[in-house]
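Data block below; observations after.
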Amino acid sequence: MKLVKSGFLNGVNLLIGALLAVLGFGASCERIARCEYGTPSAKFIVSGQVKSAETNLPLQNVRVVMKNDTTYTNAAGEYEVEDRAGMPITSTYTLKFRDIREESLKQYSDLDTAIEFKNPVFTGGDNHWYKGETEKDFDVKLKPKR
Amino acid sequence: MSVLNIPLKKRIALNLFSRFKKNEYKLHKLNYIFWEATLRCNLNCIHCGSDCKREAGVPDMPVADFLRAIDEVQEIVSPNETMIVFTGGEALVRRDLEVAGLALHKRGFPWGIVTNGMLLDKKRLDSLLGAGLRAVTVSFDGMEESHNWLRGSAKSYANALNAIKLLPQVPDLVYDVVTCVNQKNFHELNEIKELLIACGVKQWRLFTVFPIGRAAEHPELQLEPEEFKTLFDFLAATKKEGRIGINYGCEGFLGSYEGEARDNLFFCKAGVNVASILADGSISACPNLRANFIQGNIYRDNFREVWESRYSIFRDRSWTKTGLCADCKFFKYCEGNGMHLRDERTGELLFCHLKRINEGESALKK
């Protein structure tokens, strides 16, 4: 009920805003005047390969998580994760590797590790808030579960 | 045309806007939060509205305490549409602003600072930008002598001007310059305007001293009625000229100057969309609303619960219809003027813009 009421009031205010714009007073109804400006941002990409520490063979379907991005290794054990909204400064990310494959397959231990982008160099920025992207290769070897 | 004679088109707009405000009171959407990061200050301004001192009696709030309060409201706000502004005292005396700023950025909040510019050099600006700074307001209160007089420091003008000159160099940074107009700098307004335009400044905000804080002890800082009225002519003319964006602050209903001296029609959003966390943890509306306007304290209360269950004096302003406001035919549009212009203890109106402009008109006619 509260949501319906809020929706109605918001709708009425949108209409009033439109009418005021016609009258030349549109700026009055800006909900957050001059606040959404953009922000310094950069894309941090980590890619690599996941292999078995025992056999040195690539491991497929290992879950890799970095901040809000989740992916799974392909048949070659390769993965790529990214943070699209990072800060363009020295940054450290935690990478989580989880073996979620079928239990009939040999199981590997979890791995949490940190990767640091120290004084990163960015390419492809837009000369405004977005500074571009930077990439690191990071191969890991998972140990079998005992 | 008198300030009391509002043209029909503007009256229609004000009536519509009055309905808009009523809806906003009901919606009560938090989208602007001030954090009084410190009461310490590196200047000793005559007009200061806060209780700041060089060595404040109230210690700086730990960043973790502030962030805990922000986390409490995170579920009821849209972080990307909620601005957080660090103020003071002088916010930049804190060396850990970047820590707080970066933490806000990671939560999705845009943030900005209000500063006197004393500590805003290139190195600090870069450091703040690296932590996600999006907006800057620099105080600039006149040409050298006037500014230094008001700010109580021989170096303050040069430092503020240096800070202002840095800002246009940062692509997409939103910033403005704010000037407290008083009797000393009133005759310099054109000179200040030209200086700011030459520096590349795009937005200039003017306000007048109101009788709170240290300014209450210096009534001479207030403009005489004729000057006050002339100030609005200056604002309207500069806006029309279009060489620099100019706005009067959000502090008063301006009658026929509504829409002429400000981009938007008058709306005191204190407690409607705006909340503050003061240095001692008090939860208020605007940072200069203290005493009886305090709604809670982050060290005792949950910020979200306070926002959702209190703030009634800001959302229903019928209590302000007393004294001068009781018989005012513009009350519907004004609703008691800015909340910071009501006495913190009695609620009485301390200053009416409309009345002062009207007095100025009468004085000029004579």
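Is it true that A:Gly132 is surrounded by 11 or more Cβ atoms within 10 Å (Cβ to Cβ) and either out of contact with any Ser or Thr (no Cβ under 7 Å at 6 or more places or on another chain) or among the basic types (Lys, Arg) (or both)?
no
Any residue in segment A:8-26 that's over 22 Å from B:Glu260 (Cα atoms): show its pairings with residues that are at pLDDT 90 or above and part of a helix (DSSP H, G or I) at Cβ separation under 6 Å, as long as the two are six or more apart or on different chains.
The qualifying pairs are A:Leu9/B:Asn23; A:Leu9/B:Lys26; A:Leu9/B:Leu27; A:Val12/B:Asn23; A:Asn13/B:Phe20; A:Asn13/B:Asn23.
For segment B:87-101, name all the residues that are closer than 19 Å to B:Tyr175 by Cα and within 14 Å of chain A (Cβ to nearest Cβ).
B:Glu98, B:Gly101
So which residues in segment A:67-103 are in a strand (DSSP E or B), in contact (Cβ under 8 Å) with a residue 40 or more places away in the chain and not charged (D, E, K, R)?
Listed by number, the residues that qualify are A:Ala85, A:Gly86, A:Ser91, A:Tyr93, A:Leu95, A:Phe97.
Among (1) out of contact with any strand residue (DSSP E or B) (no Cβ under 8 Å at 6 or more places or on another chain); (2) in a strand (DSSP E or B), where does A:Gly17 come up short?
Among (1) out of contact with any strand residue (DSSP E or B) (no Cβ under 8 Å at 6 or more places or on another chain); (2) in a strand (DSSP E or B), the lone unmet condition for A:Gly17 is (2).
In segment A:124-146, what residues are assigned to a strand (DSSP E or B) and within 26 Å of A:Thr73 (Cα to Cα)?
A:Gly132, A:Glu133, A:Thr134, A:Glu135, A:Lys136, A:Asp137, A:Val140, A:Lys141, A:Leu142, A:Pro144
Taking the stated definitions as given, is B:Leu30 touching a Ser or Thr at 6+ places or on another chain (Cβ under 9 Å), modelled with pLDDT of 85 or more and farther than 23 Å from B:Phe207 by Cβ?
Yes: the conditions hold for B:Leu30.
Search segment A:105-124 for residues that are among the acidic types (Asp, Glu) and pair each with any residue that is assigned to a strand (DSSP E or B) when their beta-carbon atoms are under 7 Å apart and the residues are at least 6 apart or on different chains.
A:Asp110/A:Phe97; A:Asp110/A:Arg98; A:Asp112/A:Thr94; A:Asp112/A:Lys96; A:Glu116/A:Thr92
Looking at (1) modelled with pLDDT of 90 or more; (2) away from chain B (no Cβ under 14 Å), which one does A:Leu105 not meet, given that it meets all the others?
(1)
Residues that are within 14 Å of chain A (Cβ to nearest Cβ) and within 24 Å of B:Glu191 (Cα to Cα): find the strands (runs of 3 or more DSSP E) completely inside segment B:225-328 holding 3 or more of those.
In segment B:225-328, the matching strands (runs of 3 or more DSSP E) lie at B:245-248.
Here is a list of conditions, (1) more than 14 Å from chain A (Cβ to nearest Cβ); (2) on the phi > 0 side of the Ramachandran plot, and B:Tyr157 meets all of them except one; can you say which number that is?
If we test B:Tyr157 against (1) more than 14 Å from chain A (Cβ to nearest Cβ); (2) on the phi > 0 side of the Ramachandran plot, just (2) comes out false.
With (1) more than 14 Å from chain A (Cβ to nearest Cβ); (2) modelled with pLDDT of 95 or more; (3) within 28 Å of B:Ile357 (Cβ to Cβ) as the list, and B:Trp35 as the residue in question, which single condition is left unmet?
All conditions are met except number (3).
Scan segment B:108-154 residue by residue and report those that are within 14 Å of another protein chain (Cβ to nearest Cβ) and among the polar types (S, T, N, Q).
B:Ser127, B:Thr137, listed by residue number.
Please work out which one of (1) surrounded by fewer than 22 Cβ atoms within 10 Å (Cβ to Cβ); (2) of a type in the set (A, V, I, L, M); (3) modelled with pLDDT of 90 or more is the condition B:Leu278 fails and give its number.
(1)
The values are calculated or read from the model by the stated rules, or taken from the named source; none is laboratory data. Please read all numbers here as calculations on a predicted model, not as lab measurements. So basically every Cβ, Gly included, is an ideal-geometry build from the backbone, and we count neighbours across all protein chains shown.
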